[in-house]
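First up is the structure itself, then whatever we jot down about it.
The values are calculated or read from the model by the stated rules, or taken from the named source; none is laboratory data. Predicted model only: the values in this text are computed from it and were never measured. Ideal geometry is used to build each Cβ from the backbone, glycine not excepted, and the neighbour counts take in all protein chains shown.
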Amino acid sequence: MQIESLKVFCDLAETKSFTKTARINGVTQSAISQQISSLEKQFQAVLIERSKKRFALTREGQVLYDGSKQIMQTYDSMRHRVQEINNIVSGTIRLVTIYSIGLHELPPYLTEFMRKHPTVKVAVEYRRASQVYEEIFSNVADIGLVAYPQKDQRLEAVPLRNDLLVIICHPQHPLATKRKLRLQAIHGQKFIGFEPDIPTRRAIDHILHDRSITVNHVMEFDNIETVKRAVEINAGISIVPRNTVAQESAKKTIVQLQIEDADFYRPLAAVYKRGKVLSPAMRELLDLLRA
């Protein structure tokens, strides 16, 4: 029995998906099925409940998962310690990020990291915030980049930086003549918002509610790019992190206005599953992002 087979079984138990497990391990779904069948023959036990609609381990499967997880953690720890002794930074990092961080915050850090460690492969995928957490919990991804990190005992969160929130509008909008304005000035305005389940949307709603400010949500989107495009056609105003509109401000397709009442920030963080053994490459990347 090879260590790879135990890893595949752990991945399957955590993702509950043959498709995701195949993607993680770079093989076909058929290959995953064959490895599971091989394990069942070796242990002479059924490991997965195949009669149920939802994925579930049998009692024997749960015992094998618990033991295999301990073996894999010990193996990963040993492998990474050997790499450290030999000053080796290599391997693959599976990084999953929300769109705004991936498009506007991550690129310079990733460029610097790849310059320092050209042998490391960083696979980046863009997801909604809820999907980032799903992929971290199921071990589909190693590190996630999120805004307003949720508190969860299953997570380790590394604070990165805070983004200042600003009001944005079209250059011909009546508010565009101002540099700063009080938040009350946007009361009743047509507003381009994020979808209700987006953490930044929830934070903005909380800020407005606390100040008894009501806006008219005319459009809602799940990512920052479509929000900006709607503002560029003068469909309404919005509140977004300042760093995400640097290019549009420079090109003068969007005007950003500082909120005069107070400074509101969007906290960013890197998250990974608690108990995960981080490789030297993962720790190097986290150190760079944190710096």
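Taken together, the residues in the range 232-243 that are touching a strand residue (DSSP E or B) at 6+ places or on another chain (Cβ under 9 Å) and either modelled with pLDDT under 95 or over 15 Å from residue 194 (Cα atoms) (or both) amount to 3. Could you list, in sequence order, all residues of the range 171-209 that are surrounded by fewer than 17 Cβ atoms within 10 Å (Cβ to Cβ), farther than 21 Å from residue 260 by Cβ and without any contact (Cβ under 8 Å) to a residue 40 or more places away in the chain? If the condition is that a residue be surrounded by fewer than 17 Cβ atoms within 10 Å (Cβ to Cβ), farther than 21 Å from residue 260 by Cβ and without any contact (Cβ under 8 Å) to a residue 40 or more places away in the chain, then 195, 196 are the ones that fit.
For the structure I just gave you, tell me whether residue 207 is closer than 24 Å to residue 150 by Cα, in the same structural domain as residue 174 (by TED's automatic domain parsing) and within 18 Å of the chain's Cα centre (by Cα). The answer is no for residue 207. Exactly one residue out of 13, 31 is of a type outside the set (Ser, Thr, Tyr) and touching a helix residue (DSSP H, G or I) at 6+ places or on another chain (Cβ under 6 Å): that is 13.
Looking only at residues that are touching a helix residue (DSSP H, G or I) at 6+ places or on another chain (Cβ under 9 Å) and assigned to a helix (DSSP H, G or I) in the range 82-92, which one is modelled with the highest pLDDT?
Here is the first cut: in the range 82-92, the ones touching a helix residue (DSSP H, G or I) at 6+ places or on another chain (Cβ under 9 Å) are 83-84, 87-92.
Among the residues that remain, those that are also assigned to a helix (DSSP H, G or I) are: 83-84.
Numbers: 83: 72, 84: 69.
Going through the qualifying residues, I end up with 83.
If you filter the range 119-150 down to residues that are among the aromatic types (Phe, Trp, Tyr) and assigned to a helix (DSSP H, G or I), you find that the one that is surrounded by the fewest Cβ atoms within 10 Å (Cβ to Cβ) is 137. Taking the criterion of being surrounded by 14 or more Cβ atoms within 10 Å (Cβ to Cβ) and more than 13 Å from residue 16 (Cβ to Cβ), the residues of the range 48-60 that qualify are 58, 60. Listed by first and then second residue, the pairs with beta-carbon distance under 8 Å, at least 6 apart or on different chains, first residue in the range 106-128 and without any contact (Cβ under 8 Å) to a residue 60 or more places away in the chain, second surrounded by 11 or more Cβ atoms within 10 Å (Cβ to Cβ) and among the aromatic types (Phe, Trp, Tyr), are 126/99.
Identify the single condition in (1) modelled with pLDDT under 95; (2) assigned to a strand (DSSP E or B) that residue 263 does not satisfy, given that it satisfies every other one. For residue 263, the failing item is (2).
What about residue 255, is it hydrophobic (A, V, I, L, M, F, W, C), crowded, with 20+ Cβ neighbours inside 10 Å and under 28 Å from residue 150 (Cα atoms)? Answer is no for this residue.
For the range 225-252, which positions are β-branched (Val, Ile, Thr), surrounded by 17 or more Cβ atoms within 10 Å (Cβ to Cβ) and in a helix (DSSP H, G or I)? Matches in the range 225-252: 227, 231, 244, 245. Residues in the range 211-224 that are charged (D, E, K, R) and either at pLDDT 95 or above or crowded, with 18+ Cβ neighbours inside 10 Å (or both): 220 alone.
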